[in-house]
1. Which value in nm describes the separation of the simple spin-label points at I257 and V199, placed 7 Å from the Cα toward the beta carbon?
2. Given segment 465-591, what percent of its DSSP beta bridges are antiparallel, to the nearest 5?
3. Counting only C-alpha contacts under 8 Å and six or more residues apart, can you give the relative contact order of segment 430-531 as a whole percent?
4. Using Cα pairs closer than 8 Å and at least 6 residues apart in sequence, work out the relative contact order for segment 31-182, in percent.
5. Subtract the Cα-Cα distance of I308 and N415 from 0.36 nm times their separation in residues, and report this length gain in nm to one decimal.
6. Please give the per residue accessible area of segment 355-574, computed with a probe of 1.4 Å over protein heavy atoms only, in Å².
7. Among the lysines, select those whose C-alpha is under 25 Å from the C-alpha of K302, and discard any that sit fewer than 8 residues away in the same chain.
8. Sort 1-10, 445-454, 116-125, 510-519 for me by packing, meaning the mean count of neighbouring Cβ atoms within 10 Å per residue, highest on top.
Amino acid sequence: MLFRSTTRTYIYEDALKNHNIPFFNSSNKRYFYRQEILDIINALKVISNPYDNIATIGFLRSPMVGISDNSLYYILKNTNENKSVFHSMYKLEDLAIKKEDTSKIEEALQLLNYFHEIKETSTISELTADLIERTYFIEIALLKINGRQSLANIYKFIEMVELYEQNNKNSLEDFIDYIEEIKVRDEPEAPMESETSNVVKLLTIHKSKGLEFAVVIIPEMARDTGGRFPNLLFNKDIGLGLKTISCSGFHDEIKDILRVKENEEKERVLYVAMTRAEKMLILGNQGKNRGFKKLTDEHLNKNKYKIISHINLEQESTNKIKIIEDHLLRDSENHNIKKLPLLFHENLNKKFDSYSISQYLVFKQCKRKYYIDFYQGRTEAFGDKDKWEELEINPGVITALDKGNIVHEFAQLYNPGKNVSDLLNSIILSFGLSNEEENLRILRPYIDNYLKLYRDDYDTVFLERPFHIKIGDNYLNGVIDRINIKDNIIEIQDFKTNKVIDKDKLIKQYTPQLQVYAYAVEKIMNIKVKTASIVFLETGQAINVPLEKEHLLANIDSIGKFIHFVENHNDIIDYSKSTNCNYCNYKTICF
Ligand code: SF4
């Protein structure tokens, strides 16, 4: 199998593994640059030297702590040559840092202080194992894409530490120097399968030069690897091209030159890949007409190849929830790493100041997910896997999360006096994205549907209106996208940018949200709400939810029970699993 780059070979590795087909991936030689290894090394460096600013930043950004870039910015702003990042972590009161990040930093400080205390009396392997255990690093790694490989790499690191200790009786500092020295070598990742001669080979096209194979597969021909160009470009003949909201100067000119070069290179690379096949060449041509696919459409004679549009795959009988097999875990006696899931052994006894409607919706979807997301607050540490997967599939193209945020921002800023394209372009740019054709193509249907439903003949309109209501002894908060008032009649709208694949399921999921909104508005404004609608901007449909008194009260009763449950249960065992969890990030650890 030949690839332009190695970023997505893991998908094929996983498929080959699932079907027990042996393979060899020649390109996984950057062991020391794997994120999980960099994270461990950074953490060890901070334990060794808390004044190492770069390592501290890496440690804070890693899933071991998981603070946002925004908070990191404020910490760095407060850092100077006399004051390290470590020092700044102690003085957070004056910094505009989010509350959840403040507590993460406090926990990180406690952790570092603990390791600074035990550093001199512990071996390097004890420190490493303790660090991995206390930061739930293995569980987090398993939740990432290609988690099994990360796990194998982490164990390989532990073995390297042990080997080092057998031959050297040196300090942590010596070990760090040693790692820095060997880091530059081509160290392969931990092997997941043994290499034999008769296996599927996964290679980059670049590495396949000069080789030939009976069968060659080039997958993902329609994947456009071009991505977007930065806002500042340079060409030695033209000079600098800067793109701003209002003008693009030489930027477009330089971009056109770069595009031509890119296409020529694409043709060369595709030629190399296709000519590696001796007997059969299989092109994965599904998807839009772009990338390599566009080139084959232009240059190949359609009568000379066979198009297979359907492959009848047998229904997979595999369990949707992965169970982490015991052999992936080390013997806890030898390696001081407890069996999974460590996450679930914590008894936090957490109390919430208030509850959000999002919490309630997740609780209704799956109590276990609620526990991990909100009770343990792990979401940020694990990162938004879907977002990263999306970014890898389509670099430069907006993610579902960005799409929702951009459309909501548009709804907030739009009025009939504004030029739709200008407003949309400036919002896209403010999200750090380019307003490339593809992004506009994705967003435009949502914006057009919003405009179709838009009316400006109301007496009053409230946008993104936050509210708090008291339920029992607790508070529930939420933000209502839009409240329209005319002649003392109220309409509520909540805009959804989901893909509407199963409309009934989405309506069922979001109805309680709109019912709470109606209840809150009636309580706060003392006016009856006439309609509350879920507006699917993908299709332009507005669905009114039932607002009869008994429905609203039943919903509030259900929220009251949810709050009561959470207030009185702090053990994972009480938070049962859902029976429908196809898209959950926690699949790998939830059993
Ligand atoms: S994997 Fe399923 S059961 Fe586990 S937390 Fe996710 S949705 Fe719930």
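The values are calculated or read from the model by the stated rules, or taken from the named source; none is laboratory data. Keep in mind that what you see is a predicted model, and the values were worked out from it rather than measured. Don't worry about glycine lacking a Cβ; one is built from the backbone with ideal geometry, like all the others, and counts go over all protein chains shown. Keep in mind that these areas ignore ligands, DNA and RNA; they rest on the heavy atoms of the full protein, side chains included. Shrake-Rupley method; radii C 1.70, N 1.55, O 1.52, S 1.80 Å.
1. 4.6 nm
2. 70 percent
3. Details: 96 pairs, mean separation 20.9, N = 102.
Computed value for segment 430-531: 21 percent relative contact order.
4. After rounding, I find 26 percent.
5. Values: separation 107, 0.36 × 107 = 38.52 nm, distance 4.95 nm.
Separation in residues times 0.36 nm, less the Cα-Cα distance, equals 33.6 nm.
6. Ligands and nucleic acids excluded, the figure is 48 Å² per residue.
7. K266, K279, K288, K293, K294
8. 510-519, 1-10, 445-454, 116-125
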